[in-house]
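Engineer: Take a look at this one; I'll ask things after.
The values are calculated or read from the model by the stated rules, or taken from the named source; none is laboratory data. These numbers come from a predicted model, not from an experiment. Cβ placement follows ideal geometry from the backbone for every residue including glycine, while neighbour counts extend to all protein chains displayed. Protein only, heavy atoms only, side chains kept; ligands, DNA and RNA dropped before computing areas. Shrake-Rupley method; radii C 1.70, N 1.55, O 1.52, S 1.80 Å.
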Protein chains: 2
Amino acid sequence: MALNTGLLMFVAHRAMERRVLDAVAAAGFAITAAQARIFQRIGPDGTRLGELAEQAQVTKQTAGFLVDQLERAGYVERAPDPTDARARLVRIAERGRAAGEVAAGVVAEVEAEWAAHLGARRTAALRDALERLREITDPWAEGDQ
Amino acid sequence: MALNTGLLMFVAHRAMERRVLDAVAAAGFAITAAQARIFQRIGPDGTRLGELAEQAQVTKQTAGFLVDQLERAGYVERAPDPTDARARLVRIAERGRAAGEVAAGVVAEVEAEWAAHLGARRTAALRDALERLREITDPWAEGDQ
DNA sequence: CTATATCCGTCAGAGAATCTGACTATGAAC
DNA sequence: GTTCATAGTCAGATTCTCTGACGGATATAG
């Protein structure tokens, strides 16, 4: 029973996630996988809670719960949305930025390892296919830039 | 901030998972995502709890907890491992087989949709890259056949 | 301008999933 | 036949996630 394509992606995704989380934790930033899944979707100018929920594929309540934790830990802050008084923007705070930089470094490192194993051509093909796949699998595939 | 490769995989994986779970539920098989992640790793001749845990990337305790539920729901059964009295094999039971067939059908359907969107060449390249990636991301990438 | 519908986020409560640590029993290595 | 490793379980706590109900803000229709 060869693994289906979705499962193959799960395996690689988990490997990346674990590497990043371990490194971030080692750098002194305690953060859980669930928190990270929300955190990494926050845009440079802040993102609404509902959008974070949608992208991370959890309910607004769950997203709110996780943002509460991230806020208490100093990784993010909430600010009113100037364009809509109902909404609030979740923004990355100073400590969050520091953690994000560590994470980005590890992501680059892991991607480099993957590229080394696959070779340039296959790596490019993988990214190309994944990005195109996103067009039909990510209801939110637009300008989150 | 273009999405990193791991995140792109997460998105597609989630899309597949949701499709399959919804269809399986519609067919009358109530099963959660966590249960499914364990279930789909069970080999044709049964698999040890520890191996399931390792592949699904959870602790033995968590795997045991989920297998308990699957067993109570009639999807799997536990049998002693003839080769080691300490171990027990988790095997797919009749009801599990039925659910698995429904799932396999949806997986095929989703993969076909993906192939239609990507085209044959890119689809093959995706699978090829993912399978090679598994060599370095799946500590268990061997003969689970 | 008001009524109605809709959207944003939160509160409350429950259930599911996950972990760490400690334990039993079996197997393997000298 | 001790000693160390392995397979699984028990107990307890924490984290994650959901459904349902709600209050406040916006949009739309008249």
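Engineer: Cβ-Cβ under 6 Å, sequence separation 6+ or interchain: first residue in the range B:81-101 and touching a residue at least 60 places away in the same chain (Cβ under 8 Å), partner part of a loop (DSSP other than H, G, I, E, B) and within 16 Å of DNA strand D (Cβ to nearest atom). Which pairs?
Structural biologist: Filtered contacts from the range B:81-101: B:ARG95/B:TYR75.
Engineer: Among the residues of the range B:38-73, how many are of a type in the set (D, E, K, R) and touching a residue at least 24 places away in the same chain (Cβ under 8 Å)?
Structural biologist: 5
Engineer: Consider B:THR62 against the criteria (1) over 28 Å from A:ARG132 (Cα atoms); (2) away from DNA strand D (no atom under 14 Å from the Cβ); (3) open to solvent by 20 Å² or more (accessible area, probe 1.4 Å): it satisfies all of them except one. Which criterion is unmet?
Structural biologist: For B:THR62, the exception is condition (2).
Engineer: Based on what the data block shows, is A:ALA79 under 13 Å from the mean Cα position of the chain (by Cα) and either within 12 Å of DNA strand D (Cβ to nearest atom) or among the aliphatic types (A, V, I, L, M) (or both)?
Structural biologist: no
Engineer: Could you list, in sequence order, all residues of the range A:31-56 that are within 9 Å of DNA strand D (Cβ to nearest atom) and either buried (at least 18 other Cβ atoms within 10 Å of the Cβ) or more than 13 Å from chain B (Cβ to nearest Cβ) (or both)?
Structural biologist: A:ILE31, A:THR32, A:GLN35, A:ALA36, A:ARG37, A:ILE38, A:ALA53, A:ALA56 - these are the residues of the range A:31-56 that are within 9 Å of DNA strand D (Cβ to nearest atom) and either buried (at least 18 other Cβ atoms within 10 Å of the Cβ) or more than 13 Å from chain B (Cβ to nearest Cβ) (or both).
Engineer: Separate question: Out of the range B:74-92, which residues are within 10 Å of DNA strand C (Cβ to nearest atom) and touching a strand residue (DSSP E or B) at 6+ places or on another chain (Cβ under 9 Å)?
Structural biologist: B:PRO80, B:ASP81, B:PRO82, B:ASP84, B:ALA87
Engineer: If you don't mind, there's one more thing I want to ask. Scan the range B:78-106 for residues that are closer than 12 Å to B:PHE39 by Cα, open to solvent by 30 Å² or more (accessible area, probe 1.4 Å) and not in a helix (DSSP H, G or I) and jot them down.
Structural biologist: B:ARG91, B:ILE92
Engineer: Now a separate question. Filter the range A:7-65 for residues that are away from DNA strand C (no atom under 13 Å from the Cβ) and among the acidic types (Asp, Glu) and give the result.
Structural biologist: A:ASP45
Engineer: Identify the single condition in (1) β-branched (Val, Ile, Thr); (2) without any contact (Cβ under 8 Å) to a residue 60 or more places away in the chain; (3) closer than 30 Å to A:LEU126 by Cβ that A:VAL76 does not satisfy, given that it satisfies every other one.
Structural biologist: The single condition A:VAL76 does not satisfy is (3).
Engineer: If I filter the range B:70-77 for residues that are at the interface with chain A (Cβ under 8 Å from one of its Cβ atoms) and either open to solvent by 30 Å² or more (accessible area, probe 1.4 Å) or touching a Lys or Arg at 6+ places or on another chain (Cβ under 6 Å) (or both), do I get at least one hit?
Structural biologist: No - not one qualifying residue is present in the range B:70-77.
Engineer: Inside the range B:1-30, can you point out the residues that are more than 11 Å from chain A (Cβ to nearest Cβ) and touching a residue at least 60 places away in the same chain (Cβ under 8 Å)?
Structural biologist: Passing the criteria: B:ALA23, B:VAL24, B:ALA27, B:PHE29.
Engineer: Read through the list (1) more than 10 Å from DNA strand C (Cβ to nearest atom); (2) acidic (Asp, Glu); (3) farther than 23 Å from B:ALA30 by Cα, then give the number of the only condition that B:GLU71 fails.
Structural biologist: So B:GLU71 meets the others, but not (3).
Engineer: Quickly run through the range B:107-121 and pick out the residues that are over 16 Å from B:ASP22 (Cα atoms) and either surrounded by 19 or more Cβ atoms within 10 Å (Cβ to Cβ) or of a type in the set (Val, Ile, Thr) (or both).
Structural biologist: B:TRP114, B:LEU118
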